[in-house]
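What follows is a set of notes on a single structure, which appears directly below.
Taken together, the values in this text are just the output of simple stated rules run on the coordinates, not laboratory data. Only a predicted model underlies this, so the values are computations on that prediction, with no experimental measurement involved. Cβ coordinates were reconstructed from backbone atoms using ideal geometry, including for glycine residues, and neighbour counts include every protein chain displayed.
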Amino acid sequence: MTLPPLVCRSCGREFDVSELVWRCGCGGLLDVGGPWQPMVDESLTLGEGGTPMARSRTLAAALFKLEFFSPTLSFKDRGAVVLASLAAHLRVGRAVVDSSGNAGTAAAAYFARAGIACQVLVPASTSPEKLAQIRAHGAELTLVPGSRADTAAAAAEIADQPGVFYASHVYHPYFMHGVKTYGYEIWRQSGKRLPSAVLVPVGNGTLLLGCYLAFSELVAAGLAERMPALLAVQAAGCAPLASAWQGEHYRYAPTVAEGIAIAAPPRAEQILAAVRASGGTIVTVDDDAVVAGRHTLAQGEGLFVEPTAAVCYAAAAGAANRTGPGWQLVNDLLADGDVVIPLCGAGLKHPSD
Ligand SMILES: [Zn+2]
């Protein structure tokens, strides 16, 4: 197994992955130094990835990528299999992860398969269906009162104990490299070309950064001419990245899009830089639009997804009626050609609105 070191984005210090370091002593976040095709332990794979694409019947320009076909019903399996493979290789005895639900479910499943004890921390408000999924895989489930940030802080304390593997989809850069398969598949399924744009729901930015890595590598290898515009979509009730992008402040409010309700994403700067480099933008949709989009997906497209997974469809479906920063670009790209919309998580994960 080729295991590249982790490199601090701030000071450049390198760490061997066996050190189980998840953040540099200087406070900097870690990346993988250079291109890397992640290794997956064949005994741990559950057939993640390889999800189908289907053309939308209600949006002429859009193709859906059906990520809810994944083994635990969300795209997070793409990264979880890589972290479980790494943890098994390093023979760690205990893993911890914090999540708004889906990453924790994916970790619970893959660490169960790897025979590694896994503690999953989630906000107490997480949907009961996701909690049931996590419990079913035998993970130690801890409900943390307060915000998603409170959950992350509780996990970080456990992660700092000796011998604990922090299977964080935010901090461990191997996870993002696992998510890259999403971008490579879009290229392959589109006839070895890239679409003009991809929409991505963004909270901690895992899928967006995975896309950026994949598309950058494809362009650098001469396999694609240019990168698709990354169109990041946030819930209006929790839109720190849109606020930073547009220079406007969004008022915080609870949102049905629990999977992207991240008030202070640790990789915010990296996400903003990726969107900028792609020629994309960041827009927001409110909960009414998300709920309406979810119903149209179910009733006009035959696709039942959780609210967070309807955010990008809601943005594309409502774009024609929106004005303001970013929307002209979204409308131009929708008028122009193919855009890919991920349907990240299954409807049964959060059946009610
Ligand atoms: Zn550092």
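Return the lysines within reach of LYS65: Cα separation strictly under 21 angstrom, same-chain partners fewer than 8 residues apart disregarded; answer none if there are no such residues.
Qualifying lysines at Cα under 21 Å: LYS76, LYS180, LYS192, LYS349.
At R0 = 35 Å, how high is the FRET efficiency between ALA112 and ALA253 if r is their beta carbon distance? Nearest 0.05 is fine.
0.45
Take the Cβ-Cβ distance between ALA149 and ASP288 as r, set R0 to 35 Å, and report the resulting FRET efficiency rounded to the nearest 0.05.
Computed FRET efficiency for ALA149 and ASP288: 0.85.
Could you please report the charge total around GLU129, scoring K, R as +1 and D, E as -1 over all other residues with beta-carbon less than 13 angstrom from its beta-carbon?
+1
Note down the net charge around GLN270, summing +1 for each Lys or Arg and -1 for each Asp or Glu among other residues with Cβ under 15 Å from its Cβ.
+3
Tally Lys/Arg at +1 and Asp/Glu at -1 over every other residue whose Cβ is under 12 Å from the Cβ of ALA298; what's the total?
Around ALA298, the charge tally is -2.
State the dimensionless ratio Rg/Rh of the range 222-290 (Rg: radius of gyration of Cα atoms; Rh: Kirkwood radius).
Taking Rg over the Kirkwood Rh, I get 1.03.
When the C-alpha atoms of the chain are aligned to their principal axes, what extent does each axis show, in angstrom, from largest down?
53, 45, 39
Within the range 156-192, list the residues whose amide N lies under 15 Å from a label point set 7 Å along Cα→Cβ of SER18.
Residues 163 qualify, since their backbone N sits under 15 Å from the label point.
Could you identify which residue out of PRO195, PRO35, PRO123 has the top mean-square fluctuation in a GNM of the chain using Cα springs shorter than 10 Å?
PRO35
Starting from the eigenvalues of the Cα gyration tensor, five times each then square-rooted, give me the equivalent ellipsoid semi-axes of the range 126-173, largest first, whole Å.
20, 14, 11
Taking the Cα atoms only, what angle lies between the long axis of helix 206-220 and the longest principal axis of the chain, rounded to 10 degrees?
Approximately 80 degrees, to the nearest 10.
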